[in-house]
Amino acid sequence: MRSRKSEVGSRKSEVGSLKSEVRGRKSEVQSWLLLLILPLLLLMACGSGDTSNNEDVQERLDMRGLQEFSSGKQLYIKYCQNCHMEDGKGLGKLIPPLQNSDYLLNNVAAAGRTIKYGLTGPIIVNAIDYNQPMPANPDLTSLEIKELLVYISNAWGNKSKIVTLEEVERALKPNTSD
Amino acid sequence: MRALKLLVVLIVLVGTSSCGGNKEVKKLPIYGRQEFKEVDGKVDTIYHTIPDFTFYDQDSLAVTLASFDGKVYVADFFFGTCPTICPIMKQQMLRVYERFNDNPEFGILSHTIDPAHDTVAYLKDFSMRLGVPNSKVWKFVTGDQDEIYRIGSAEGYLVPVGADSDAPGGFIHSGAFILIDKEKRIRGLYDGTKPIEVDALMNDIPKLLAEYEK
């Protein structure tokens, strides 16, 4: 609307001061911009509005940690998410949570052993007993397991120091209890 | 220039209105092979229906097709030790259960495809841990393995199920949620591992129920 007015305005004065010409262009550009932004806003509004609660890792982790976090997330989606769920909350009393899980966070490296070799028998997580076997993932490398651990111990509000490769490898060695 | 602008506005309006979803109530499709029979000079369509079965649920009660008389229900196939898609299917089915479990015209039927392992006692523990207190609405059933495979196949729910030593966990099965109407016809097939498809299922259940309102 505004642009039309100023267009008319600039046509009226035949002399056409350069100024008003420029102003006309400007508001033309503005209204086009508005037209471009509007649908974007509307599209955003009709999206799911998903927000991850992982924002704070940007501040907490260094570049290296963030890289591992992000590779770990991809591995998580592939190997873990079907059972432990996208939000790390597990499933009822069948599959234990990773989010805010004492079992995991009390010994992050030891969880690497569970990832690699699987687990059978009862475990207690946050005072609830679970008894669903977890399959082994023998093909995952120590580095991949480290990345997975960095992700699960720092996603969904979990906060842990970055587990080292040495810690992971020590936990993966046979005959180490915990 | 103005026409162009108008066009952009129109595109925007059309584009964004499509995210609101179609408000018009359309009847759900009827799946499966149809047969046609002439009765008194008129052609009758005979639709594919689920054949009868006898299974046992987590409370040791016999479950037959008649257990779902007067109900629309959602069926699926899983096994308790499944390392792949079952947990996410159960998480999604739990959403459906929580939304509709008050409705006396609604039910869920989850078949194990590993009856040797998934006994009645196992299914009871499994369903309790999932947060399903009894078999009133959501029945977890076990039974004769061949009968379970038969009901999953082309004779019944039209989904692949069976033993397969190459598959993770030893069984192949579809992640489908199958929506069945009161005439035991298949009215919807949804991927139970995809929240967006399960949303579609939860949209379709009230539509199907509405078909029976007078």
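Restricting attention to segment B:150-172, the residues that are closer than 30 Å to residue A:80 by Cβ and part of a helix (DSSP H, G or I) total 4.
Restrict the check to segment B:110-123 and report whether at least one residue is under 15 Å from residue B:68 (Cβ atoms) and buried (at least 23 other Cβ atoms within 10 Å of the Cβ). Looking through segment B:110-123, at least one residue is under 15 Å from residue B:68 (Cβ atoms) and buried (at least 23 other Cβ atoms within 10 Å of the Cβ). In the condition set (1) charged (D, E, K, R); (2) touching a residue at least 24 places away in the same chain (Cβ under 8 Å); (3) within 14 Å of chain A (Cβ to nearest Cβ), residue B:199 is compliant with all but (2). The residue that is nearest to residue B:118 (Cα to Cα), among those in segment B:145-171 that are surrounded by fewer than 17 Cβ atoms within 10 Å (Cβ to Cβ) and aliphatic (A, V, I, L, M), is B:163.
In this structure, residue B:175 does not qualify as of a type in the set (Gly, Ala, Ser), within 14 Å of chain A (Cβ to nearest Cβ), surrounded by fewer than 22 Cβ atoms within 10 Å (Cβ to Cβ) and more than 18 Å from the chain's Cα centre (by Cα). Looking across A:139, A:87, one residue alone is under 16 Å from the mean Cα position of the chain (by Cα) and within 14 Å of chain B (Cβ to nearest Cβ). It is A:87. The residue pairs whose first member lies in segment B:129-140 and is within 14 Å of another protein chain (Cβ to nearest Cβ), whose second member is small (Gly, Ala, Ser) and surrounded by 18 or more Cβ atoms within 10 Å (Cβ to Cβ), and whose beta carbons are closer than 8 Å, counting only pairs six or more residues apart or on different chains, are B:129/A:92; B:130/A:92; B:131/A:92; B:138/B:107; B:138/B:110; B:138/B:127; B:140/B:110; B:140/B:127. Among the residues of segment B:62-70, is any aliphatic (A, V, I, L, M), surrounded by fewer than 15 Cβ atoms within 10 Å (Cβ to Cβ) and away from chain A (no Cβ under 14 Å)? For segment B:62-70, residues aliphatic (A, V, I, L, M), surrounded by fewer than 15 Cβ atoms within 10 Å (Cβ to Cβ) and away from chain A (no Cβ under 14 Å): present. Of the helices (runs of 4 or more DSSP H) entirely within segment A:1-110, those holding at least 1 residues that are at pLDDT below 55 occupy A:2-12, A:18-46. Going by what's in this entry, would residue B:181 be described as more than 14 Å from chain A (Cβ to nearest Cβ) and over 15 Å from the mean Cα position of the chain (by Cα)? Spelling it out, it is not the case that residue B:181 is more than 14 Å from chain A (Cβ to nearest Cβ) and over 15 Å from the mean Cα position of the chain (by Cα). Each residue in segment B:50-85 was checked for being within 14 Å of the chain's Cα centre (by Cα) and not small (Gly, Ala, Ser), and 9 of them qualify. Counting residues in segment B:35-58 that are modelled with pLDDT of 95 or more, away from every other protein chain (no Cβ under 11 Å) and on the phi > 0 side of the Ramachandran plot gives zero.
A Cβ distance below 7 Å, combined with a sequence gap of six or more or placement on separate chains, defines the contacts here; from segment B:76-105, residues that are away from chain A (no Cβ under 11 Å) and crowded, with 19+ Cβ neighbours inside 10 Å reach residues that are among the β-branched types (Val, Ile, Thr) and in a helix (DSSP H, G or I) in the pairs B:96/B:198; B:100/B:205.
The values are calculated or read from the model by the stated rules, or taken from the named source; none is laboratory data. If you're wondering where the values come from, they're calculated on a predicted model, not measured in any experiment. Here Cβ is always computed from backbone atoms with ideal geometry, including for glycine, and neighbour counts include all displayed protein chains.
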